[in-house]
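The values are calculated or read from the model by the stated rules, or taken from the named source; none is laboratory data. This is a predicted model, so every value here is computed, not measured. Cβ placement follows ideal geometry from the backbone for every residue including glycine, while neighbour counts extend to all protein chains displayed.
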């Protein structure tokens, strides 16, 4: 299965990012990037340990990993990406993996809002179980931040797995509102089949190639054939226009 590729993770923004503040030596400075297509990558940022420690309440100098018990199971979190909003607010994505997980069990994505100031990062809020996750205990396996989808920035995450020779990955769009993150959409971002018994050989890879901010976005698929599918915002969620043309597993 081929995931959506991420253009440069950190700068994890697709437009220009504000310069890092003096209080925050581990926040990277972004470079201008094309708004479309929205592309994802899987490289984890190892320079954001200060933000991660603040998010999970770890002591200064502690290793940038944290264990959380959620619904009776222990998840191991590590930092993945950070995005700067206005007013020195940072949005941190952390990945929670689950050991000894079954094929259909996913990990957990953690999103923290952090307020920057002279004394460093201060945690404003924490949200779990948002975005898309993978299988076999994995959280999101690729991600990106985009300022091109609406008045607020969006986090795009993707994850999937392989079932009897058919690989499929789903992406989620999470709006980073001032009050907190909200999942707004999901769609298949890649699928391939043919390795299993009696399977048709086919494959599709999708990228968000256009958007009318806060109204609609378009996913263009390449592979077996070229397909475009549009999603329109209705009652706080993006809905597919017409029938889904991408086969499942």
task: Would you tally the residues in region 110-134 being within 16 Å of the chain's Cα centre (by Cα) and touching a residue at least 40 places away in the same chain (Cβ under 8 Å)?
output: 10
Sole exception among (1) closer than 20 Å to residue 174 by Cβ; (2) not in a strand (DSSP E or B) for residue 104, by number: (1)
query: Looking at 165, 125, which one is surrounded by fewer than 22 Cβ atoms within 10 Å (Cβ to Cβ) and modelled with pLDDT under 95?
result: 165
- prompt: Does region 86-106 include one or more residues that are exposed (fewer than 15 other Cβ atoms within 10 Å of the Cβ), over 15 Å from residue 134 (Cβ atoms) and either under 18 Å from the mean Cα position of the chain (by Cα) or modelled with pLDDT of 95 or more (or both)?
  reply: no
message: Quick check on my filter: what residues within region 198-233 are within 22 Å of the chain's Cα centre (by Cα), closer than 23 Å to residue 148 by Cα, assigned to a strand (DSSP E or B) and free of Cβ contacts under 8 Å to residues at least 60 places away in the same chain?
response: 212, 216, 218, 219, 221, 222, 228, 229, 230, 231, 232, 233
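For (1) in contact with a strand residue (DSSP E or B) (Cβ under 7 Å, 6 or more places away or on another chain); (2) farther than 20 Å from residue 143 by Cβ; (3) outside any loop (DSSP other than H, G, I, E, B); (4) at pLDDT 90 or above, each residue gets a yes or a no:
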residue: 1; (1), (2), (3), (4): yes, no, no, no
residue: 11; (1), (2), (3), (4): no, no, no, no
residue: 16; (1), (2), (3), (4): no, no, no, no
residue: 22; (1), (2), (3), (4): no, yes, no, no
residue: 26; (1), (2), (3), (4): no, no, no, no
residue: 33; (1), (2), (3), (4): no, no, no, no
residue: 59; (1), (2), (3), (4): no, yes, no, yes
residue: 69; (1), (2), (3), (4): no, yes, yes, yes
Filter result for residue 137 (in contact with a strand residue (DSSP E or B) (Cβ under 7 Å, 6 or more places away or on another chain), crowded, with 23+ Cβ neighbours inside 10 Å and either without any contact (Cβ under 8 Å) to a residue 60 or more places away in the chain or part of a loop (DSSP other than H, G, I, E, B) (or both)): no
message: Can you say whether residue 160 is surrounded by 21 or more Cβ atoms within 10 Å (Cβ to Cβ) and either without any contact (Cβ under 8 Å) to a residue 40 or more places away in the chain or more than 20 Å from residue 103 (Cα to Cα) (or both), as far as the supplied structure shows?
response: no
